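The values are calculated or read from the model by the stated rules, or taken from the named source; none is laboratory data. Remember, predicted model here, so these are calculated numbers, not experimental data. We place every Cβ from the backbone using ideal geometry, glycine too, and count neighbours over all the protein chains shown. Accessible surface is based on the protein model in full, side chains and every heavy atom, while ligands, DNA and RNA are left aside. Shrake-Rupley method; radii C 1.70, N 1.55, O 1.52, S 1.80 Å.
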Amino acid sequence: MRVRNGLPYPLGTTWDGAGVNVAVFSANAEKIELCLFDTKGKRELKRVALPEYTHEVWHGYFPDLRPGQVYGLRAYGPYEPGRGHRFNPNKLLIDPYAKLLLGDLRWHDACFGYRVGSSRQDLSMDRRDSAFVMPKCVVTDTATTWGDDVRPQTSWDNTVIYEAHVKGMTALHPKVPDQLRGTFGGLADSRVIDYLVKLGVTAIELMPVQAFFDDRYLVEKHLSNYWGYNTIGFFSTASRYISPGGGVHEFKRMVRKLHEAGIEVILDVVYNHTAEGNEMGPTLSFRGLDNASYYILGDDRRYYFDTTGCGNTLNLKHPRVLQMVMDSLRYWVEECHVDGFRFDLAAALGRERDSFEPSSVFFDTVRQDPVLSRVKLIAEPWDLGPDGYQLGNFPPGWAEWNGACRDWIRSFWRGDEHIAPDLSSGLLGSAAMFDRRGRRPWASVNLVTAHDGFTLADLYAYNERHNEANQEDNRDGHGDNRSWNCGEEGPTEDPEIRALRAKMRRNAIATLLLSQGTPMILMGDEVGRTQHGNNNAYCQDNEMNWLPWEDIAAEDEAFLQFVRRMIAYRRSSVHLSGKYFLHGRPVNGGFLDVTWLGPSGERMSDEDWQDPGLKSFGLLHCDERRACLLILLNASPEPMEFHLPRELGVPGWQVIMRTETGQWPVWDAIRTPGSIQLAERSMTILEGRGR
């Protein structure tokens with residue numbers, strides 16, 4: 001095996017048309033070997049030490065290697081956990097820059113750097129070779145012919161996000177070929193994409209697709225890590241989503257097909273921790289290559305500083321670790337043409353130990369990057385560290401999942417008191433949190449449901465979580481669901497309860513889509529997908545999590561049509577574009593951009609908002625052309641007469657939609673002065689034009 005010195009960049013394995021350059025960062029290793037395997041990854045053929053060490057990068061050039069070569073790494077150095085070092089050359093390691101992994105992890109005690117069961121725990125050292133249970137890396141040629149691929153570049157103020165799971169989206173689709181169901185190829189099927197287009201969404205946010213493994217405790221329970229928030233390879237797609245023969249480029253073909261339909265692709269990414277867990281976790285990659293550099297360690301360097309709840313936290317203050325994350329993000333944008341990212345536990349990315357810093361090295365680096373600063377960036381604004389909830393505190397250019405708005409919508413329609421003022425803020429983009437430093441309403445990503453929690457159907461069918469299938473004695477999952485079963489727990493044949501549940505779903509989705517900000521809809525909510533009361537279905541790779549394509553109930557089919565019309569209405573309405581925050585400013589001849597109205601038709605006073613039992617009010621939008629949109633909400637269990645505003649000189653109003661029935665459009669005409677009867681627990685949309 002010929003080997004030359006090669007270059008210390010780019011990191012990873014790089015095919016240049018004549019050979020393969022190998023470069024691996026490790027500040028503390030004493031030697032790193034490239035281990036070559038047969039095409040099936042079963043037999044180790046040769047080990048070659050990387051000959052050069054430059055700027056803490058081990059490197060070599062192999063003129064005889066070609067794309068398709070299966071390989072792994074071994075790192076030599078001190079095994080001294082007390083000093084933060086956990087080198088163990090008996091453990092085959094995944095290249096952090098690998099673009100493709102062959103095979104899956106097979107759990108065995110040999111995966112661990114220490115002797116499992118030893119009285120010395122992780123201070124002991126295990127000398128078994130782990131290659132027989134480890135996935136292997138594959139040298140890849142990343143060149144792709146993209147042809148005339150054009151990014152949709154949908155403006156933020158016109159964006160509607162659909163949070164989906166690659167497998168769950170197509171696992172039950174009757175017309176997608178069996179071998180493509182649950183894969184990138186299945187998601188690229190024209191019938192699936194046509195469904196998204198007809199629904200009206202502009203972006204699909206895919207739950208983690210970067211390489212991850214099923215946790216050992218889940219495998220032993222015959223469960224799996226369905227959600228995928230356990231990343232081990234930040235450049236590689238999860239092999240479980242690649243169809244037979246699909247290869248490394250299947251993901252790229254999916255992106256191109258979605259782009260052709262005008263749909264952006266946003267990836268849910270996990271750069272806050274890795275799948276190696278705490279000091280008792282396995283040695284799979286980073287821990288074995290340079291534990292002291294890749295992870296934030298505690299004052300006692302045997303242990304990890306953990307703000308993620310997953311055992312470790314990546315050390316983004318280290319320049320090489322930060323480089324890895326930035327290289328990964330740019331890879332997905334430049335090589336794979338994705339349009340943005342949603343960052344899991346994003347508060348952890350901006351931590352300086354116990355404090356969150358919007359100007360942390362990570363956020364500043366992203367902000368100045370000419371590639372990443374131009375794509376959509378969404379933060380999940382919390383972690384498990386001190387002051388972990390940082391909603392509204394992320395820097396300009398970022399959007400944030402607005403969990404507060406989610407809770408306001410749920411609480412208001414459940415009939416809770418002291419909620420109306422909060423909901424009014426949410427309807428206008430939560431300006432108190434986001435209107436600063438030139439940020440716009442789109443920075444608030446509004447949601448009613450997400451993968452974590454109840455589905456929309458379950459939100460109005462269950463008061464309590466029912467997570468028994470997770471085999472954790474129903475102790476897992478969130479306890480504060482703000483749900484309401486409408487009178488009976490779980491499925492029911494009672495027609496009145498079913499009708500009420502359908503109306504409550506319409507109220508929730510209408511509130512979401514009529515709010516300023518960026519709306520996000522959970523996959524399957526539009527067709528009544530149920531998890532049977534499970535609000536933490538992270539380990540359920542079955543029909544509980546898959547989108548139902550057949551046998552949809554009549555009320556769910558009607559709700560699908562309602563959601564389509566609501567999305568179309570939002571995207572066509574000038575009042576809901578959310579380009580700027582609205583603060584009740586004059587726009588034309590005494591008209592205000594927004595006005596809050598009480599049931600009397602008069603402007604609401606401060607005293608009105610202080611009423612803890614306030615459950616009925618109206619939001620009036622007016623533009624410079626005196627076109628008006630009136631949104632009336634009544635969360636009371638009693639019907640309400642609402643007087644239409646007189647002072648605008650609107651000669652008549654058209655009723656566009658009532659959630660009471662879900663019919664669309666209604667087109668009932670009401671002349672002013674007049675009033676309208678709001679059904680209990682319902683919303684109504686009206687349009688008018690002032691003189």
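Overview of results
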{"quantity": "Sulfur and carbon atoms: percent of accessible area, the range 566-691 [1.4 Å]", "calculated": "47 percent"}
{"quantity": "Crossing angle, helix 190-199 versus the chain [Cα axis fit, 0-90 degrees, rounded to tens]", "calculated": "40 degrees"}
{"quantity": "By accessible area with a 1.4 Å probe, ligands and nucleic acids excluded, highest first: order of M433, M169", "calculated": "M433, M169"}
{"quantity": "Label-point separation, R253 to S359 (7 Å along Cα→Cβ), nm", "calculated": "4.9 nm"}
{"quantity": "Area accessible to solvent at D668, 1.4 Å probe radius, in Å²", "calculated": "70 Å²"}
{"quantity": "Residue among N474, C336, A164 farthest towards the positive dipole end of the chain, charges placed on Cβ", "calculated": "C336"}
{"quantity": "Cα lying deepest toward the dipole's positive end in the range 165-292, options G281, A211, Y271, charges on Cβ", "calculated": "A211"}
{"quantity": "Phi to ³J(HN,Hα) by Karplus 6.51 cos²θ - 1.76 cosθ + 1.60 over the range 126-136, Hz, x for Gly, Pro", "calculated": "9, 9, 7, 6, 8, 4, 5, 10, 8, x, 10"}
{"quantity": "Cα gyration tensor shape for the range 470-515, rounded if a/c is under 1.5, else prolate or oblate", "calculated": "oblate"}
{"quantity": "Computed accessible area, T145, all protein chains, 1.4 angstrom probe, square angstrom", "calculated": "130 Å²"}
{"quantity": "The chain: calculated mean residue ellipticity at 222 nm from DSSP helix runs of at least 4, using -39500 (n - 2.57)", "calculated": "-5500 deg cm²/dmol"}
{"quantity": "Between the range 194-212 and the range 578-623, the Cα center-to-center distance that results, in Å", "calculated": "35 Å"}
{"quantity": "The chain: angle of helix 250-260 to the longest principal axis, Cα-based, in degrees nearest 10", "calculated": "30 degrees"}
{"quantity": "Rounded accessible area per residue of the range 1-148, 1.4 Å, Å²", "calculated": "44 Å²"}
{"quantity": "R106, R506, R353, reordered so the largest accessible area comes first (probe 1.4 Å)", "calculated": "R106, R353, R506"}
{"quantity": "Qualifying chymotrypsin sites (Phe, Trp or Tyr not before Pro) for the range 459-516 [loop in DSSP, other Cβ within 10 Å: at most 13]", "calculated": "none"}
{"quantity": "Separation of the Y389 and D300 label points, Cα + 7 Å toward Cβ, nm", "calculated": "3.2 nm"}
{"quantity": "Efficiency of FRET from Cβ geometry, K31 and R571, R₀ 60 Å, rounded to 0.05", "calculated": "0.55"}
{"quantity": "Fully extended contour minus Cα-Cα distance, from R191 to K42, at 0.36 nm per residue", "calculated": "49.8 nm"}
{"quantity": "Cα convex hull of the chain - mean projected area over all directions, nm²", "calculated": "30.6 nm²"}
{"quantity": "At most 15 other Cβ within 10 Å, DSSP loop - GluC sites (Glu not before Pro), the range 501-602", "calculated": "E543, E550, E602"}
{"quantity": "Cleavage-rule hits, GluC sites (Glu not before Pro), the range 1-47, DSSP coil, Cβ neighbours within 10 Å at most 14", "calculated": "E30"}
{"quantity": "With all protein chains modelled, accessible area of R501 [1.4 Å, Å²]", "calculated": "30 Å²"}
{"quantity": "Carbon + sulfur, % of accessible area of the range 410-516 - ligands and nucleic acids excluded, 1.4 Å", "calculated": "44 percent"}
{"quantity": "R0 of 25 Å, Cβ-Cβ distance Q654-E496: FRET efficiency to nearest 0.05", "calculated": "0.25"}
{"quantity": "Sequence-separation-based contact order of the range 235-341, relative, with Cα cut under 8 Å and 6+ spacing, percent", "calculated": "30 percent"}
{"quantity": "Crossing angle, helix 319-330 versus the chain [Cα axis fit, 0-90 degrees, rounded to tens]", "calculated": "60 degrees"}
{"quantity": "Heavy-atom surface of the range 363-492, accessible at 1.4 Å and reported per residue (Å²)", "calculated": "38 Å²"}
{"quantity": "Share, in percent, of DSSP beta bridges within the chain that are antiparallel, nearest 5", "calculated": "75 percent"}
{"quantity": "Rounded to whole Å, sorted largest first: equivalent-ellipsoid semi-axes of the range 266-367, Cα gyration tensor", "calculated": "23, 16, 12"}
{"quantity": "Calculated diffusion of the range 19-132, Stokes-Einstein form, Kirkwood radius summed over Cα pairs, 25 °C and 0.890 mPa s, µm²/s", "calculated": "162 µm²/s"}
{"quantity": "Relative contact order (%) - the chain, alpha-carbon pairs under 8 angstrom, separation at least six", "calculated": "10 percent"}
{"quantity": "Accessible area per residue, Å², the range 520-596 with all protein chains present, probe 1.4 Å", "calculated": "40 Å²"}
{"quantity": "Of K175/K198; K42/K252; K579/K615; K99/K317; K40/K257, pairs whose Cα-Cα distance is over 22 Å", "calculated": "K42/K252; K579/K615; K99/K317; K40/K257"}
{"quantity": "Rounded Å value of the spacing that divides the Cα centres of the range 43-66 and the range 644-691", "calculated": "72 Å"}
{"quantity": "Heavy-atom accessible area ranking, 1.4 Å probe, most first, across D606, D611", "calculated": "D606, D611"}
{"quantity": "Rg/Rh ratio calculated on Cα atoms of the range 293-425 (Kirkwood radius)", "calculated": "1.04"}
{"quantity": "Separation of alpha-carbon centers, the range 367-391 and the range 411-490, rounded to whole Å", "calculated": "21 Å"}
{"quantity": "Per residue Cα convex hull volume in Å³ - calculated over the range 178-247", "calculated": "119 Å³"}
{"quantity": "Cα-centred dipole magnitude for the chain, charges only on beta-carbon of K, R (+1) and D, E (-1), debye, nearest 20", "calculated": "2000 debye"}
{"quantity": "Lys/Arg +1, Asp/Glu -1 at C-beta; the chain dipole; positive extreme among M640, A346, Q69", "calculated": "Q69"}
{"quantity": "Solution diffusion estimate, µm²/s, Stokes-Einstein, the range 596-691, Kirkwood Rh from C-alpha pairs, 4 °C, viscosity 1.567 mPa s", "calculated": "96 µm²/s"}
{"quantity": "Accessible carbon and sulfur surface of the range 87-136 relative to its total accessible area, %, 1.4 Å", "calculated": "50 percent"}
